[in-house]
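Have a look at the structure below, then the notes.
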Amino acid sequence: MEDLNSTRRRPGRPRAADAVDTREVILRVATDLFARNGFDAVTVRAVADAAGVDVATVHHHAGGKLGLYRACFALVFEAERRALEPVIAAAAANADGDLLAALHRVLDAFVDFLEERPETTGLWLRRWLEPDRHAGIDEQFSMPLYEQVQQVLAAADKAGVLHEPQPHLAVRSLIWAVHAHAVTGLHGDVPADSRFALRAFVHRWLDRMYAQP
């Protein structure tokens with residue numbers, strides 16, 4: 001006999017798994033649109049049409065346009081956090097050992113991530129063009145990872161393992177450089193030689209900055 005106290009699914013009401021899938025589709029579509037066109041050029045209607053849902057469904061899963069925009073940053077941040085935190089933690093644990101090799105692994109993980117998710121680059125570059133808008137996005141969705149790497153460099157400098165008096169500038173400068181070169185991934189396949197050249201460049205940069213003479 002059916003438990004009359006159990007929650008019933010009303011006719012037409014999506015199952016929980018369906019709701020999760022719909023939200024993910026909406027956010028992936030919105031992330032791509034914001035990355036290509038910027039905040040002002042994207043409408044909730046355009047996101048709904050691209051995702052194959054109605055406007056009410058977008059509002060249900062993400063709120064209004066600003067809520068949708070922030071949810072896109074949350075989506076890419078969570079993916080980036082999963083990709084980078086393990087190698088950042090390994091670098092922190094190597095502060096007294098082969099730190100340079102561990103930092104090279106952090107770089108590889110970062111470049112790998114951007115090659116797999118080029119929309120991340122477009123999303124951030126367009127956001128950085130308007131630094132006075134959308135307060136709190138950087139603090140919530142970029143600085144936590146930046147600061148972890150900065151702490152590794154600062155601790156290594158303090159221990160005399162490497163010399164980096166400005167870890168904040170070092171981390172931000174390299175991130176800007178990688179994003180600037182990775183942006184071509186938004187517009188189709190990037191030639192293999194370009195990908196290899198970027199990866200070789202960042203590794204040369206790291207060696208010339210911190211390798212012992």
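At-a-glance table
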| item | result |
| --- | --- |
| Single match in VAL47, VAL106, VAL76, VAL111 (criterion: more than 29 Å from VAL149 (Cβ to Cβ) and either β-branched (Val, Ile, Thr) or touching a Pro at 6+ places or on another chain (Cβ under 6 Å) (or both)) | VAL47 |
| Residue count for the range 78-103, restricted to those that are of a type in the set (Asp, Glu), over 16 Å from GLY160 (Cα atoms) and without any contact (Cβ under 8 Å) to a residue 24 or more places away in the chain | 1 |
| Filtered residue count, the range 56-66, keeping only those that are surrounded by 14 or more Cβ atoms within 10 Å (Cβ to Cβ) and part of a helix (DSSP H, G or I) | 7 |
| Single condition VAL53 does not satisfy, out of (1) assigned to a helix (DSSP H, G or I); (2) surrounded by 14 or more Cβ atoms within 10 Å (Cβ to Cβ) | (1) |
| Residue match in the range 83-99 (condition: over 26 Å from GLU139 (Cα atoms) and part of a helix (DSSP H, G or I)) | yes |
| ALA95 at pLDDT below 90, of a type outside the set (Phe, Trp, Tyr) and farther than 17 Å from ILE175 by Cα | yes |
| Test: ARG133 is at pLDDT below 95 and either part of a loop (DSSP other than H, G, I, E, B) or of a type in the set (D, E, K, R) (or both) | yes |
| Failed item in (1) of a type in the set (D, E, K, R); (2) in a helix (DSSP H, G or I); (3) open to solvent by less than 30 Å² (accessible area, probe 1.4 Å), with GLU147 passing the rest | (3) |
| Boolean, VAL76 is surrounded by 14 or more Cβ atoms within 10 Å (Cβ to Cβ), of a type outside the set (Gly, Ala, Ser) and in a helix (DSSP H, G or I) | yes |
| Residue in the range 171-194 that is modelled with pLDDT of 95 or more and touching a helix residue (DSSP H, G or I) at 6+ places or on another chain (Cβ under 6 Å) present | yes |
| Residue within the range 130-142 that is over 20 Å from ARG82 (Cβ atoms) and surrounded by 17 or more Cβ atoms within 10 Å (Cβ to Cβ) present | no |
| Test set (1) open to solvent by less than 20 Å² (accessible area, probe 1.4 Å); (2) under 26 Å from GLN151 (Cα atoms) - TYR69 fails condition number | (2) |
| Tally of residues being over 11 Å from ARG126 (Cβ atoms) and either open to solvent by 70 Å² or more (accessible area, probe 1.4 Å) or in contact with an Asp or Glu (Cβ under 6 Å, 6 or more places away or on another chain) (or both) across the range 26-41 | 3 |
| Some residue of the range 101-120 being of a type in the set (Lys, Arg), surrounded by 15 or more Cβ atoms within 10 Å (Cβ to Cβ) and under 20 Å from VAL183 (Cα atoms) | yes |
| Residues of the range 163-184 satisfying the condition of being crowded, with 17+ Cβ neighbours inside 10 Å and either touching a Cys at 6+ places or on another chain (Cβ under 8 Å) or outside any helix (DSSP H, G or I) (or both) | GLU164 |
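The values are calculated or read from the model by the stated rules, or taken from the named source; none is laboratory data. Just so you know, these numbers come straight off a predicted model, no measurement behind them. Glycine also receives a Cβ, built like all others from the backbone with ideal geometry; neighbour counts cover every protein chain displayed. Accessible surface is based on the protein model in full, side chains and every heavy atom, while ligands, DNA and RNA are left aside. Shrake-Rupley method; radii C 1.70, N 1.55, O 1.52, S 1.80 Å.
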